[in-house]
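Student: Got a structure for you, questions after.
The values are calculated or read from the model by the stated rules, or taken from the named source; none is laboratory data. A quick note: this is a predicted structure, and the numbers were derived from the prediction, not measured. Here the Cβ positions follow ideal geometry from the backbone for every residue, glycine too, while neighbour counts run over all protein chains shown.
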């Protein structure tokens, strides 16, 4: 066989490795989540997002390119990404033009030939416009996604809002690594998830590149732009703490964030090592009415800088971000755990009497006839019961099995699901394994029974 023929055979083999000899089938629209059946998409698994954002903060517009590396899980004739609004100008697969169409929040992409099951492929989406927040029935108290308020840009995505600013497989079961590049006017500061790996300035603009090498759900991806001061320290074990506060803000804000190393150390004793390479808090120059645990860089308003909320968002880095629910009907696995662990921290370091606090919440929830955490509807995803009856569930379990048994359950549950996904059935299996069926039945009664069990 001469050299030319060998090269032709090799080229055909390389194309064949990504393209299927069959026609393939379209990937599913949605992943049948209990509350969000159309969020996420089937037929592929995302491995990595590369997001390049050129932001004009004054106009609140972006010019963007998102490149997604995926692996096909079936022979694919077409597949969807989740994207709300914005104008898509070009889609390429493996560097070649691909046809696309839009239907509500679905970006439907048709490769020129089917993608073979098991093959890796690259999807590049060029888009622009002014990102608009998403109205989500599960979060009636706030719009989601991209926000531009009082000179600052920030993202709060949970559960659906990330599609307001980048195309994705927008469900927490498809985690991936991320690299996010942000170009803004040089007088402003930009921040995102993970480690700042590169910074350059030219012609009055600064580009920063952020890398998140640990798996991350799309709802935790973050972009922040504004007039912020970066406060950076390195802990004795090497963990980078970087906080961002509004420039010229009162010293009390930075002082309030100084508890972060203590909180992390407390949770490491409970759960194991901090799961990521960095942590920090960014404080908006205005009130928010909430905080959000964006991976490695939580966002707070001026009104949520207090020890309980700071500790709550840090707890989520283990339970919520590293160990993540696999269905949005199970938010208690995030909020109940973070509420109870932050309450434990407050008892250890800030003088709370935990039994008194839990008894108070038991009385309040009983008077309100609150819905059990595992019987909620979509609009109750962040109901007070999810937080505090979820916390009471863990308090009751701790009372039954004792300190040592509870610590073993906590650590085992986290370690079995770290960097992945979990659900209530898996938590109950851990409880059963380590503490027996009586303990599992107790947990179930707190999660499902109406009325609420006595404390």
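Student: Only residues that are assigned to a loop (DSSP other than H, G, I, E, B) and in contact with a strand residue (DSSP E or B) (Cβ under 9 Å, 6 or more places away or on another chain): list them for the range 267-278, please. Break it down into steps so the answer makes sense when it comes.
Tutor: Going residue by residue through the range 267-278, those that are assigned to a loop (DSSP other than H, G, I, E, B) are 272-277.
Answer for the range 267-278, where residues must be assigned to a loop (DSSP other than H, G, I, E, B) and in contact with a strand residue (DSSP E or B) (Cβ under 9 Å, 6 or more places away or on another chain): 275, 276, 277.
Student: Check whether at least one residue in the range 51-63 is closer than 30 Å to residue 376 by Cα, touching a residue at least 40 places away in the same chain (Cβ under 8 Å) and in contact with a strand residue (DSSP E or B) (Cβ under 7 Å, 6 or more places away or on another chain), and report yes or no.
Tutor: no
Student: Please go through (1) outside any loop (DSSP other than H, G, I, E, B); (2) within 24 Å of residue 79 (Cβ to Cβ); (3) modelled with pLDDT under 95 for residue 9 and return the number of the only condition it doesn't satisfy.
Tutor: Condition not satisfied by residue 9: (2).
Student: Residues that are touching a helix residue (DSSP H, G or I) at 6+ places or on another chain (Cβ under 8 Å), farther than 28 Å from residue 174 by Cα, without any contact (Cβ under 8 Å) to a residue 12 or more places away in the chain and in a helix (DSSP H, G or I): does the range 407-422 have at least one?
Tutor: No: zero hits.
Student: Can you run down the residue pairs with Cβ atoms below 6 Å, 6 or more apart or on separate chains, where the first is in the range 302-324 and under 15 Å from residue 346 (Cα atoms) and the partner is part of a strand (DSSP E or B)?
Tutor: The qualifying pairs are 309/291; 313/291; 313/298.
Student: So which of 131, 167 is in contact with a helix residue (DSSP H, G or I) (Cβ under 7 Å, 6 or more places away or on another chain) and in contact (Cβ under 8 Å) with a residue 60 or more places away in the chain?
Tutor: Unique residue meeting the criteria: 131.
Student: Can you tell me which residue among 84, 117, 101 is outside any strand (DSSP E or B), closer than 22 Å to residue 218 by Cβ, assigned by TED's automatic domain parsing to the domain that holds residue 167 and modelled with pLDDT of 95 or more?
Tutor: 84
Student: From the list 123, 69, 73, which residue is assigned by TED's automatic domain parsing to the domain that holds residue 219, closer than 22 Å to residue 215 by Cα and surrounded by 22 or more Cβ atoms within 10 Å (Cβ to Cβ)?
Tutor: Numbers: 69 fails: surrounded by 22 or more Cβ atoms within 10 Å (Cβ to Cβ); 73 fails: surrounded by 22 or more Cβ atoms within 10 Å (Cβ to Cβ).
From the options 123, 69, 73, the qualifying one is 123.
Student: A further question follows. For the range 130-167, name all the residues that are surrounded by fewer than 16 Cβ atoms within 10 Å (Cβ to Cβ) and in a strand (DSSP E or B).
Tutor: Scanning the range 130-167 gives a single hit, 149.
Student: To continue, here is another question. Go through the range 197-224 residue by residue and tally those that are out of contact with any strand residue (DSSP E or B) (no Cβ under 8 Å at 6 or more places or on another chain) and farther than 21 Å from residue 300 by Cα.
Tutor: Restricting attention to the range 197-224, the residues satisfying the condition of being out of contact with any strand residue (DSSP E or B) (no Cβ under 8 Å at 6 or more places or on another chain) are 202-203, 219-220.
Pick out the ones that are also farther than 21 Å from residue 300 by Cα and you get 202-203.
Result for the range 197-224: 2.
Student: Okay, next question. With respect to residue 96, determine if the residue is over 17 Å from residue 46 (Cα atoms), at pLDDT 95 or above and touching a strand residue (DSSP E or B) at 6+ places or on another chain (Cβ under 7 Å).
Tutor: The answer is no for residue 96.
Student: Right, next: List every residue pair whose Cβ atoms lie under 6 Å apart, where the two residues are 6 or more positions apart in sequence or sit on different chains, the first residue falls within the range 201-215 and is without any contact (Cβ under 8 Å) to a residue 40 or more places away in the chain and not assigned by TED's automatic domain parsing to the domain that holds residue 62, and the second residue, located anywhere, is crowded, with 17+ Cβ neighbours inside 10 Å and assigned to a strand (DSSP E or B).
Tutor: none
Student: Would it be correct to say that residue 187 is part of a loop (DSSP other than H, G, I, E, B), touching a residue at least 40 places away in the same chain (Cβ under 8 Å) and assigned by TED's automatic domain parsing to the domain that holds residue 82?
Tutor: yes
Student: Further question: Kindly list the number of the only condition in (1) more than 28 Å from residue 46 (Cα to Cα); (2) surrounded by 18 or more Cβ atoms within 10 Å (Cβ to Cβ) that fails for residue 222.
Tutor: (1)
Student: Another question, if that's okay. Got at least one residue in the range 327-337 being surrounded by 20 or more Cβ atoms within 10 Å (Cβ to Cβ) and free of Cβ contacts under 8 Å to residues at least 40 places away in the same chain?
Tutor: The answer is yes, given that some residue of the range 327-337 is surrounded by 20 or more Cβ atoms within 10 Å (Cβ to Cβ) and free of Cβ contacts under 8 Å to residues at least 40 places away in the same chain.
Student: Hey, another quick one. Determine whether residue 38 is assigned to a loop (DSSP other than H, G, I, E, B), closer than 21 Å to residue 217 by Cα and touching a strand residue (DSSP E or B) at 6+ places or on another chain (Cβ under 7 Å).
Tutor: Considered against the rule, which asks whether it is assigned to a loop (DSSP other than H, G, I, E, B), closer than 21 Å to residue 217 by Cα and touching a strand residue (DSSP E or B) at 6+ places or on another chain (Cβ under 7 Å), residue 38 comes out as yes.
Student: Which residue, of 54, 23, is surrounded by fewer than 20 Cβ atoms within 10 Å (Cβ to Cβ) and over 27 Å from residue 148 (Cα atoms)?
Tutor: After ruling out the rest, the residue left standing is 23.
Matching residues to (1) over 19 Å from residue 415 (Cα atoms); (2) touching a helix residue (DSSP H, G or I) at 6+ places or on another chain (Cβ under 9 Å):
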site: 322; (1), (2): no, yes
site: 333; (1), (2): no, yes
site: 343; (1), (2): yes, yes
site: 353; (1), (2): yes, yes
site: 360; (1), (2): yes, no
site: 368; (1), (2): yes, yes
site: 378; (1), (2): yes, yes
site: 401; (1), (2): yes, yes
